[in-house]
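Visitor: After the structure tokens below, expect a handful of questions from me.
Each value in this text was obtained by applying a stated rule to the coordinates, not by laboratory testing. Just so you know, these numbers come straight off a predicted model, no measurement behind them. Counting neighbours? That spans all protein chains shown, and the Cβs are built from the backbone with ideal geometry, glycine included.
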Amino acid sequence: MSFPIQFTCPFLLASESPRRRALLEQIQIAFDVTPSPADEAVDGTPSPRALVRDLAGRKAAPVADAHPSALVLAADTVVAHGPDVLEKPSAPAHARRMLRRLSDTTHQVHTGVALHHAASARQVEWVATTEVTLAPLTDREIEAYVDTGSPLDKAGGYGIQDHTAPFFIEDIVGDYYTVVGLPLRSLYERLQDDFPDLVKP
């Protein structure tokens, strides 16, 4: 596979996520953004891994159906702490509670990824998981971070790519990019293994 990666068909990102767009731009993949109209409502209480895989596939499907010749990428990320999924905080007070909960503990970040190519009836979906340990955070540190506004649009109430992250990320086991929102190594592997005819050599 040549670098940067080039495709023999249109490559579409079924998401308006600025972080996923930035990651694809970082690896110099040419793509277009086509937001998915998928309903992301969840029935029942699926496991975090089942949840993100289902949502990624659900996002990819309508875009692939509308653009059958394109290879469509979709993803979904959640933070799991114990049995609970931590969504994006609804308000600063909610973000503070999340960060107090995650302080001095290890949690999991799951990113589900889907690649759909309707013309060849191929659908590849998988989940990448990374463990993140936060250092003990003081109330003052939490307050200062929440005051930046950054936690409010991020699952779990923090962004590992934020300029403040080095101060409170104590350990990470797994792919850093999974936490940002798109596991680039496994994406590269799946493109090679499952869509070699759509990638220029």
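Visitor: Please list 49-62, 86-99, 131-144, 30-43 highest first by mean number of surrounding beta-carbon atoms within 10 Å per residue.
Guide: Ranking, from highest mean packing down: 49-62, 86-99, 131-144, 30-43.
Visitor: Given only helices, namely DSSP H runs of n ≥ 4 each adding -39500 (n - 2.57), what is the per-residue ellipticity at 222 nm of the chain, to the nearest 500 deg cm²/dmol?
Guide: Rounded to the nearest 500, the figure is -9500 deg cm²/dmol.
Visitor: So how do 108-121, 162-175 stack up, highest first, on mean other-Cβ count within 10 Å?
Guide: Top of the packing list down: 108-121, 162-175.
Visitor: Check the straight Cα-Cα distances from Lys154 and name the lysines below 30 Å, setting aside those fewer than 8 residues away within the same chain.
Guide: Lys59, Lys88
Visitor: In whole Å, what are the Cα extents of the range 76-201 along the three principal axes, biggest one first?
Guide: Dimensions of the range 76-201 along the principal axes of its Cα atoms: 53, 27, 26 Å.
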